[in-house]
Amino acid sequence: MAGRKRYSRKKKSSGAARFLLTVFLLGLVAAGAAAWLILTPFGPTTETFVEVEPGSSTTRIAGELETDGIVRSHYAFDLLRLWKRGTLRAGEYRFDHPASAIEVYARITRGDVFTRTVTIPEGSNLYDIGARIEQAGLGPRADFLAAARQTALVSDLDPQAASLEGYLFPDTYHLPRKATPTQICTAMVHRFRREAAEIGLRANFHKVVTMASLVERESAVDTERPLVASVFENRLAAGMPLMTDPAVIYGLELDGRWRGTIYQSDLARDTPYNTYLHKGLPPGPIANPGVRALRAALEPAKTDYLYFVAAGADPQGHSLFSHSLEEQNRNVAGYRSAVKKAGGR
């Protein structure tokens, strides 16, 4: 009898051991499968975009990733979410090579969204920006120009604005591939508002931004911008026409008459932006100024200068300022001589 009991206990112990071994082996298989699903690269070899909509659940995101061939299994992605506890960020993601589920998860939690980069130089006008937007693959130039003529975005700043010219802040932007022209304009105006607030520009936006656009187009030398602004302010105070070529050119662009070079006949063509024929500031900004030009317009230097030969025309890259027409004529003659010696025309 005692022998039978010992045999029965041995049999039970053996059965328990086999069960534990089976569980252990199944655990190893499950862990291996999970590791394979999570760590082994998988996915497309060609460009594939996945849009994560705001407010999407983890289950929905995981399902879309599996459907689009980005991850092997949505279960693996769900498992990572339970383990990592990160926040999945909305946006469009670009996948162009096989990657592990853990890499895909990391990209979405850090918000590594796909964007197109476009750089807007200081002094660019609407037409320049529209061309760059088109070149960046963000939509037709014509669509951007149409959106930039909707002034609701700046009506509180400048009720006189005929377009968003002057308020599309020049900078480098990283924009979603599907950004609309209105969204692009909104981002640029938002940046303008932020920069304006930082330099204390809170009133007289129409005058200051228009003046800043002239300064931006006339000089690229930072130290000279306040001096250029002072010339314009002094001429306005004296009732003298500003006689600035960039404003004339802008008027020609608006009329579709700009030929790439300014001619004497252009200076005689009557447009609202012809500052040879019309005294005062032009009707509005002629370009989109950067922060240094805005600051110069807001705080021009205190001088009695009434004339200058623009830096862009000087072979040495410096503007020549003068108090009288006689002095200005000498500066112009000196500039022409310098150009001739440099091999210009």
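Summary table
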{"quantity": "Complete set of residues in the stretch 254-306 that are in contact with a Ser or Thr (Cβ under 9 Å, 6 or more places away or on another chain), open to solvent by 70 Å² or more (accessible area, probe 1.4 Å) and in a helix (DSSP H, G or I)", "calculated": "Leu254"}
{"quantity": "Lone unmet requirement of (1) touching a Phe, Trp or Tyr at 6+ places or on another chain (Cβ under 7 Å); (2) at pLDDT below 95; (3) among the acidic types (Asp, Glu) for Glu103", "calculated": "(1)"}
{"quantity": "Single condition Gln135 does not satisfy, out of (1) under 30 Å from Arg257 (Cα atoms); (2) surrounded by 14 or more Cβ atoms within 10 Å (Cβ to Cβ)", "calculated": "(2)"}
{"quantity": "Flag if Asp143 is in contact with a Pro (Cβ under 6 Å, 6 or more places away or on another chain) and either surrounded by fewer than 17 Cβ atoms within 10 Å (Cβ to Cβ) or part of a helix (DSSP H, G or I) (or both)", "calculated": "yes"}
{"quantity": "Residue satisfying condition, being of a type in the set (D, E, K, R) and touching a Lys or Arg at 6+ places or on another chain (Cβ under 9 Å), within set Arg217, Arg202, Arg225", "calculated": "Arg225"}
{"quantity": "Close pairs from the stretch 162-190: first over 22 Å from Glu92 (Cα atoms) and in contact (Cβ under 8 Å) with a residue 40 or more places away in the chain, partner among the basic types (Lys, Arg) and assigned to a loop (DSSP other than H, G, I, E, B), Cβ under 8 Å, at least 6 apart", "calculated": "Ala162/Arg149; Ser163/Arg149"}
{"quantity": "Selected residue (criterion: surrounded by the fewest Cβ atoms within 10 Å (Cβ to Cβ)) from residues of the stretch 207-218 that are over 23 Å from the mean Cα position of the chain (by Cα) and of a type outside the set (A, V, I, L, M, F, W, C)", "calculated": "Lys207"}
{"quantity": "Yes/no for Arg60 being over 29 Å from the mean Cα position of the chain (by Cα), at pLDDT 80 or above and under 30 Å from Gln183 (Cβ atoms)", "calculated": "yes"}
{"quantity": "Pair list, Cβ under 6 Å, 6 or more apart: the stretch 62-85 residue more than 13 Å from Ser100 (Cβ to Cβ), other residue of a type in the set (S, T, N, Q) and part of a helix (DSSP H, G or I)", "calculated": "Arg81/Thr58"}
{"quantity": "Test: residue in the stretch 169-182 that is β-branched (Val, Ile, Thr), surrounded by 21 or more Cβ atoms within 10 Å (Cβ to Cβ), part of a helix (DSSP H, G or I) and modelled with pLDDT of 95 or more", "calculated": "no"}
{"quantity": "Count of residues meeting criterion [in a loop (DSSP other than H, G, I, E, B) and at pLDDT 95 or above] in the stretch 150-159", "calculated": "5"}
{"quantity": "Unmet criterion (only one of (1) modelled with pLDDT of 80 or more; (2) loosely packed, with under 14 Cβ neighbours inside 10 Å) for Val23", "calculated": "(1)"}
{"quantity": "Cβ-Cβ under 6 Å pairs, at least 6 apart or on other chains, the stretch 208-221 side under 14 Å from Tyr167 (Cα atoms), far side among the charged types (D, E, K, R) and modelled with pLDDT of 95 or more", "calculated": "Glu216/Glu122"}
{"quantity": "Index of the failed condition, Ala203 passing every other in (1) open to solvent by less than 80 Å² (accessible area, probe 1.4 Å); (2) at pLDDT below 95", "calculated": "(2)"}
{"quantity": "Among residues of the stretch 129-140, those that are touching a residue at least 12 places away in the same chain (Cβ under 8 Å), of a type in the set (A, V, I, L, M) and assigned to a helix (DSSP H, G or I), counted", "calculated": "2"}
{"quantity": "The stretch 183-197, subset of a type outside the set (A, V, I, L, M) and under 20 Å from Arg292 (Cα atoms), residue nearest to the chain's Cα centre (by Cα)", "calculated": "Arg191"}
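The values are calculated or read from the model by the stated rules, or taken from the named source; none is laboratory data. All figures in this text were calculated on a predicted structure; none of them were measured in a lab. We place every Cβ from the backbone using ideal geometry, glycine too, and count neighbours over all the protein chains shown. All accessible areas refer to the heavy atoms of the entire protein, side chains included, with ligands and DNA or RNA removed. Shrake-Rupley method; radii C 1.70, N 1.55, O 1.52, S 1.80 Å.
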